[in-house]
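Working notes for the structure below.
Here, each number is a calculation from the coordinates, and none is a lab measurement. All values derive from a computational prediction rather than experimental measurement. Cβ placement follows ideal geometry from the backbone for every residue including glycine, while neighbour counts extend to all protein chains displayed.
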Amino acid sequence: MKKNILLMVFIISISSILFACQSKGITTEISANPTAKSQNDKRLSIKNDFKSISISKTNGVNEITFDDKDTLKAFQVIFSSAVREPGIVDMAAPEFYMDVVYDKDNQQSLYLWIGEKGQRSTFMKTEDTNTIYTVSNDMTDKLIELVESRFD
């Protein structure tokens, strides 16, 4: 009888250890390889159905609004090309304040630093000031054409 009880305790103990190891292995695997990040996680997420874009040098002062289809399409291309940069950043005050307007109650605010011709430009979401998204030299040239030329 004593032998049977010891055998049963031994089997339960081994089963518990094996079960715990298996669960831990699955948990470790999941946390070590979190569902491979998609390309979208590395892109600036701006929905394409915006109605207008307002940009100002100081928040809300001397604001310029873009609402024509060609300019909005150009901004869609620029936003879709913006790539998240790794790490946490500490940036200087933004050069431009940008509001992407979906409707009167729904908008997304961004900070914008436009590089010189042939350099990269930078976007930052106002709700996440530790992350930046950059666009290529060609997109910077387009931003200069669209934005900076209107503020000169």
Practice task
Look at region 80-97 and say how many of its residues are crowded, with 16+ Cβ neighbours inside 10 Å and more than 16 Å from the chain's Cα centre (by Cα).
Solution key: 4
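Please go through region 124-140 and give me each residue that is assigned to a helix (DSSP H, G or I), buried (at least 17 other Cβ atoms within 10 Å of the Cβ) and of a type outside the set (S, T, N, Q), ordered by number.
The first filter runs over region 124-140 and keeps only residues assigned to a helix (DSSP H, G or I), leaving 137-140.
From what is left, the residues that are buried (at least 17 other Cβ atoms within 10 Å of the Cβ) are 139-140.
Matches in region 124-140: Met139 only.
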Exercise for the section: Starting from residues that are out of contact with any Lys or Arg (no Cβ under 7 Å at 6 or more places or on another chain) and in contact (Cβ under 8 Å) with a residue 24 or more places away in the chain, keep the ones in region 141-152 and report whichever is surrounded by the fewest Cβ atoms within 10 Å (Cβ to Cβ). Expected result: Arg150
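Considering only region 51-69, state which residues are small (Gly, Ala, Ser) and farther than 17 Å from Ile144 by Cα.
Restricting attention to region 51-69, the residues satisfying the condition of being small (Gly, Ala, Ser) are 52, 54, 56, 60.
Answer for region 51-69, where residues must be small (Gly, Ala, Ser) and farther than 17 Å from Ile144 by Cα: Ser52, Gly60.
Listed here are the residues, each with its yes/no results for (1) among the basic types (Lys, Arg); (2) in contact (Cβ under 8 Å) with a residue 12 or more places away in the chain; (3) part of a loop (DSSP other than H, G, I, E, B).
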{"position": "Asp49", "(1), (2), (3)": "no, yes, yes"}
{"position": "Ile53", "(1), (2), (3)": "no, yes, no"}
{"position": "Thr71", "(1), (2), (3)": "no, yes, no"}
{"position": "Gln76", "(1), (2), (3)": "no, yes, no"}
{"position": "Ser80", "(1), (2), (3)": "no, yes, no"}
{"position": "Pro86", "(1), (2), (3)": "no, no, yes"}
{"position": "Val89", "(1), (2), (3)": "no, yes, yes"}
{"position": "Tyr102", "(1), (2), (3)": "no, yes, no"}
